[in-house]
Amino acid sequence: MNLSPFSEEHDLLRKSVAEWVDAEIAPHVPAWEAAGDFPNDVFTRAGELGFLGLAFPEAAGGHGGDYWAQVVFLEEVGRISQAIAMVLSVQTDMATPPILEFGTEDQIDRWLKPALRGELIGAIGITEPDTGSDVAAIRTRAVRDGDHWVLNGSKMYITNGARADFITMVVRTGEPEGDPRGGISMFIVETGLPGFSVSEKLDKAGMRLSDTAVLHMDDVRLPAEALLGTEGDGFKQIMWELQGERIGVSVFGVAGARAVLDEAIGYAGVREAFGSPIGRFQAVSHRLAEMATEVEAVQALVYECCDLWNRGIYATEEVAMAKLAVGQLSHQVADQAVQTLGGAGLVEGSFISREWLGMRIGRIGGGSDEVQRQILARIMGIA
Amino acid sequence: MSGLEPLFREEHDAYREAARRFVANEIAPHADRWEDAREFPRELFSRVGQTGFFGAKFSEEWGGTGPDFAAEAVWIEELSKGLSFGTAADLGAHSQLAALYIDRFGSVEQKERWLRPSIDGRLLGALAVTEPGAGSDVNGIRTTARRDGHNWLINGSKVFITNGSRCDYVVVAARSSDRPGHGEITLFVVEEGSPGFSRNRIDLIAWHTSHTGELFFDDVRVSDAHRLGDVGAGFRHIMANFQWERLMMSLSAVSMAEQSLQIAIEYARERHVFGRPVIGFQVWQHRFADLAVRIRTGKALTYRALRCHIAAETGAEVPREQLVRLSSMAKLFTQRMAWQVADECVQVHGGAGALKEYRAQRLWRDARVGPIGGGTDDIMRNIIARTLEVGAG
């Protein structure tokens with residue numbers, strides 16, 4: 001009976017990702033957070049090192065690994081910073097997989113391969129100013145005009161949105177006509193086209209280093225080959241995308257929760273109060289035991305999810321469960337870690353305070369807690 | 001090779017189907033009646049034994065079909081579906097505790113005498129560690145075993161012994177010297193009918209069908225052939241078996257929680273308020289979704305611990321600390337979870353939740369034992385905290 005889902009090859013990969021993260025990412029995260037920005041060469045370096053296409057087939061410019069290789073990558077960046085994990089995961093688990101899954105060879109050559117090399121930056125465009133989780137209600141619209149599409153509308157809360165070279169976007173191309181999920185299509189929207197603008201970079205409470213943008217499209221003329229997949233299948237295609245997205249954020253979310261737990265354990269071992277390390281007080285040690293139990297349990301659930309995904313099983317129920325469980329876990333564990341560190345947990349720029357802020361986003365982005373519950377209730381046949 | 005190795009193989013599906021049939025025919029239809037009578041027939045042990053469901057974790061040499069702990073897990077999960085948790089507790093105390101102790105620490109003669117007939121369900125066993133003054137603190141037991149030539153004289157009392165007031169033999173932990181410390185505890189097998197051995201059944205608010213007992217030993221004389229394992233090895237043996245006990249309780253609690261949720265949802269569909277079924281309200285839909293996530297999470301953790309246990313049982317190098325941590329975490333997580341799910345099951349029933357004619361209150365009462373028995377939640381937290389190396393216990 002195998003105890004670990006990882007092979008020796010994965011262990012070697014973990015070592016090389018960790019070396020990169022520890023040397024080139026971790027030391028700069030505090031400054032990037034303070035500046036509300038990070039350099040694009042994070043993508044080019046990750047691409048050079050082969051980290052952006054770990055689980056993509058070699059024919060598409062990837063490394064042909066299994067999903068556990070991607071798990072290794074997300075865990076190693078997730079333990080350092082939820083924000084960096086998010087921006088990288090937008091590239092590897094959100095913007096690019098639909099191109100592989102639904103794209104033509106030309107689209108793979110033009111967008112996917114350079115993205116996996118880190119030469120192009122992608123983003124995923126679903127949410128709009130008036131609609132988030134309710135994908136069917138999107139209003140951004142593309143209208144056919146000869147062999148072009150004319151795109152109008154706006155997208156909001158788009159991670160990597162201000163720096164992206166392309167947005168993998170869901171857009172309305174027709175009327176629902178009986179099927180509320182009908183009339184939606186996906187496009188690869190090049191951000192350099194006339195009429196595309198970043199109307200605002202949002203100032204957020206957490207994950208400050210990442211750019212979260214409001215995008216505006218005003219008569220953007222998209223060539224016919226910008227259509228990704230089948231016209232009218234966009235809803236189904238974006239639901240597929242959301243599965244990989246939710247597993248990805250679950251993986252780095254658990255890794256982050258484990259990292260803040262470890263920080264709290266370390267602190268409790270050295271910080272003294274009333275003559276002994278606070279970890280020797282039973283109330284503190286029991287809190288840490290509870291946190292560790294929750295982390296272990298949710299990680300077990302996430303790994304089962306990863307295993308299903310790796311075997312090509314489309315497990316909507318397990319994915320929604322993992323997403324919901326991880327969002328709550330990281331939020332709660334980070335909060336308990338802040339409590340354990342006391343004043344030190346509230347210092348701006350500290351690891352714990354930064355991750356505590358960032359982890360609150362996990363319960364909102366990628367489909368809120370409530371949306372996951374709604375999905376589950378439907379699958380359970382009770383809603 | 002990467003990925004999670006499947007825990008269950010095809011043969012386990014067949015075993016599950018057989019176990020499901022057995023429980024559906026031999027336990028579930030009688031559960032309510034047994035509950036009212038606070039009794040289940042002793043013959044159930046021999047039925048379980050004859051159909052082979054005590055045998056999965058024991059080798060063929062002694063009449064088992066294993067050892068196969070994945071199959072044992074299947075039996076435990078299915079047994080919970082009979083919704084007779086006192087019955088399941090007694091069957092478990094017999095097989096998961098008493099018989100397993102004999103299997104692990106007994107001599108060939110002892111296995112012939114107590115294990116073989118336990119596996120076929122003719123002889124009923126129990127394990128007696130807890131005392132009026134010592135539960136989770138095993139080292140605090142005061143029952144003594146004093147050498148008397150080739151015999152031992154046992155004195156003391158035990159309490160909350162599941163299956164203890166009906167069993168044919170009981171594995172007793174006693175202090176075998178006057179010195180303090182856990183190196184002075186030894187295990188003995190005491191048989192029913194031994195002069196000086198007496199017992200009572202205890203009335204619990206839960207597990208109504210269980211023969212949970214208090215046992216008294218007044219100069220009970222047993223020969224050295226009744227000593228199980230080495231003198232002074234008792235504490236180590238008890239600790240070693242705790243991991244499986246916690247895992248078994250976790251498997252059982254997860255299955256129980258699944259039943260509670262199903263019963264809750266069924267009721268929410270039937271019961272109408274404000275002109276629609278309770279299930280039509282989003283708060284209940286979402287609450288049930290949350291409970292389903294907690295159950296599934298507990299199951300994933302339990303299965304992770306079970307993989308670890310099976311790996312260790314089949315000869316893999318598993319750090320003992322990892323096994324201890326995972327099984328303790330699984331126990332801590334699942335027992336409270338099962339009780340919370342049962343509590344919401346009562347809640348959705350409204351006033352009917354308090355009625356004896358509904359199963360909700362029974363599940364709720366029975367689930368409450370979980371965070372206490374087999375090492376309390378606080379003990380689990382102490383153990384887990386120790387493995388995290390954060391100090392205090």
Selected residue (criterion: nearest to the other protein chains (Cβ to nearest Cβ)) from residues of segment B:272-325 that are of a type in the set (Ser, Thr, Tyr) and either closer than 14 Å to A:ARG378 by Cα or in contact with an Asp or Glu (Cβ under 9 Å, 6 or more places away or on another chain) (or both) = B:THR297
The strands (runs of 3 or more DSSP E) lying wholly within segment B:140-245 that contain at least 1 residues that are of a type in the set (S, T, N, Q) are B:144-148, B:151-161, B:185-191, B:197-201, B:213-223
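Condition test on B:LEU388, is it under 17 Å from B:PHE242 (Cβ atoms) and crowded, with 19+ Cβ neighbours inside 10 Å?
no
Matching residues to (1) surrounded by fewer than 24 Cβ atoms within 10 Å (Cβ to Cβ); (2) more than 18 Å from A:GLU119 (Cα to Cα); (3) over 16 Å from the mean Cα position of the chain (by Cα); (4) in the same structural domain as A:ILE313 (by TED's automatic domain parsing):
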residue: A:PHE38; (1), (2), (3), (4): yes, no, yes, no
residue: A:PHE51; (1), (2), (3), (4): no, no, no, no
residue: A:GLY64; (1), (2), (3), (4): yes, yes, yes, no
residue: A:GLN70; (1), (2), (3), (4): no, yes, no, no
residue: A:GLN82; (1), (2), (3), (4): no, yes, no, no
residue: A:PRO97; (1), (2), (3), (4): yes, no, no, no
State all residues of segment A:7-27 that are buried (at least 18 other Cβ atoms within 10 Å of the Cβ) and either under 16 Å from A:HIS63 (Cα atoms) or more than 21 Å from the chain's Cα centre (by Cα) (or both); if no residue qualifies, say none.
-> A:HIS10, A:LEU13, A:VAL17
Meets criteria (part of a helix (DSSP H, G or I) and surrounded by fewer than 22 Cβ atoms within 10 Å (Cβ to Cβ)) for B:GLN335 = no
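Return the only residue of B:GLN285, B:GLN243, B:GLN259 being polar (S, T, N, Q) and out of contact with any helix residue (DSSP H, G or I) (no Cβ under 6 Å at 6 or more places or on another chain).
Criteria check complete, one pass: B:GLN259.
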Among the residues of segment B:339-347, is any at positive phi and not in a strand (DSSP E or B)?
-> no
Just need a number here: residues in segment A:52-73 that are closer than 19 Å to A:ALA18 by Cα and in contact with a Leu (Cβ under 8 Å, 6 or more places away or on another chain).
-> 9
Determine whether B:PHE217 is crowded, with 24+ Cβ neighbours inside 10 Å and over 30 Å from B:ARG307 (Cα atoms).
-> yes
Name every residue in segment B:292-322 that is of a type in the set (A, V, I, L, M), surrounded by fewer than 21 Cβ atoms within 10 Å (Cβ to Cβ) and touching a helix residue (DSSP H, G or I) at 6+ places or on another chain (Cβ under 7 Å), in order of residue number.
-> B:ALA312, B:VAL318
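Give the number of residues within segment B:1-48 that are within 14 Å of another protein chain (Cβ to nearest Cβ) and of a type outside the set (S, T, N, Q).
Counting residues in segment B:1-48 that are within 14 Å of another protein chain (Cβ to nearest Cβ) and of a type outside the set (S, T, N, Q) gives 9.
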Scanning segment A:273-286 for residues that are surrounded by 11 or more Cβ atoms within 10 Å (Cβ to Cβ) and more than 9 Å from chain B (Cβ to nearest Cβ) gives A:ALA273
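The values are calculated or read from the model by the stated rules, or taken from the named source; none is laboratory data. A quick note: this is a predicted structure, and the numbers were derived from the prediction, not measured. Note: ideal-geometry Cβ built from the backbone for every residue, glycine included; neighbour counts use all protein chains shown.
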